[in-house]
Amino acid sequence: MFGVRGRLILTSAALVAVLVGALAWGGTVQSRRLIEEGALRLERRTHDSLRRAASAMLESLAETSRLALLQSDYATIQETFKNLARTDKLVLQLTLVGKKKGVVLADTRAPEVGKTYDAPAWTKAHAKALTLSREIETKGTPLATVRLAYSKAPLLADLARSKEMKRGEVRRALSTTLLIGVVALLIGIALTILQGVRITRPMGGSQSACCRI
């Protein structure tokens, strides 16, 4: 069906198409990997930032609570907890649990004060939050434990933005790669056809000469 020239051109064009397709696929995979690594770094930075802020807050609260506990001034601790939750919207709950009887001595949720601390229920209520705890002691004697549930809203917002950016970047990278691939393929096919014509032209001439003889 195809002469030597046609078969040579088709074979060369197919090889060019396979090569360009492989390069396009590799470029897309590489772009996706780089985008995902950038998104992961952003997530880690946001998470670390939240943890540092929550840890610093907890350290300060632990010291304030220790001084108040030594004076049995639970009202001051309760007021401090309430004010902190009011000014920092990321604070979901603060709980101060006495060591001796496990009673809630102070809590941002006032009805919890005086109740026996329910660790499983507290943990379940804040399963999606960043939770930290800090032991409070004086001269080696444990007094209480302060627990903090901190919202991951900034982290979740960053993750949502990161996912949207990742989808957009992947689409752009794929479109660019495909465009470059198509252009390269067309150029390659054109060059293949020209080269095929140049190579097979002498063959055609030789066949004609043989026929004349």
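Applying the condition of being open to solvent by less than 50 Å² (accessible area, probe 1.4 Å) and at pLDDT 85 or above to segment 16-66 and asking which residue is nearest to Ala184 (Cα to Cα) yields Ala53.
Name every residue in segment 130-153 that is assigned to a loop (DSSP other than H, G, I, E, B) and over 17 Å from Leu69 (Cβ atoms), in order of residue number.
First, pick out the residues of segment 130-153 that are assigned to a loop (DSSP other than H, G, I, E, B): 139-140, 151-152.
Those that are assigned to a loop (DSSP other than H, G, I, E, B) and over 17 Å from Leu69 (Cβ atoms): Ser151, Lys152.
Total residues in segment 35-93 satisfying the condition of being in contact (Cβ under 8 Å) with a residue 60 or more places away in the chain, of a type in the set (Val, Ile, Thr) and assigned to a helix (DSSP H, G or I): the figure is 2.
For segment 108-132, residues that are without any contact (Cβ under 8 Å) to a residue 24 or more places away in the chain and not β-branched (Val, Ile, Thr) total 12.
Only one of the numbered conditions (1) at pLDDT below 90; (2) open to solvent by less than 60 Å² (accessible area, probe 1.4 Å); (3) more than 18 Å from Ala125 (Cβ to Cβ); (4) not acidic (Asp, Glu) is not met by Ile77, and that is (1).
When you scan segment 94-111, how many residues do you find that are farther than 18 Å from His126 by Cα, in contact with a helix residue (DSSP H, G or I) (Cβ under 8 Å, 6 or more places away or on another chain) and not in a strand (DSSP E or B)? Talk me through it step by step, then tell me what you get.
If we filter segment 94-111 for residues that are farther than 18 Å from His126 by Cα, which is where we start, we get 98-103, 105.
From the residues that got through so far, the ones that are in contact with a helix residue (DSSP H, G or I) (Cβ under 8 Å, 6 or more places away or on another chain) too are 105.
So of that shortlist, the ones also not in a strand (DSSP E or B) come out as none.
Of the residues in segment 94-111, 0 are farther than 18 Å from His126 by Cα, in contact with a helix residue (DSSP H, G or I) (Cβ under 8 Å, 6 or more places away or on another chain) and not in a strand (DSSP E or B).
If you check Ala127 against the conditions, is it under 30 Å from Leu42 (Cβ atoms), among the small types (Gly, Ala, Ser), in a helix (DSSP H, G or I) and open to solvent by 40 Å² or more (accessible area, probe 1.4 Å)? It is false that Ala127 is under 30 Å from Leu42 (Cβ atoms), among the small types (Gly, Ala, Ser), in a helix (DSSP H, G or I) and open to solvent by 40 Å² or more (accessible area, probe 1.4 Å).
The values are calculated or read from the model by the stated rules, or taken from the named source; none is laboratory data. Values in this document were obtained by computation on a predicted structure and should not be read as measured data. A quick note on method: Cβ atoms are made from the backbone with ideal geometry, for glycine too, and the neighbour counts reach across all protein chains shown. In case anyone asks, the SASA skips ligands and DNA or RNA and just uses the protein heavy atoms, side chains included. Shrake-Rupley method; radii C 1.70, N 1.55, O 1.52, S 1.80 Å.
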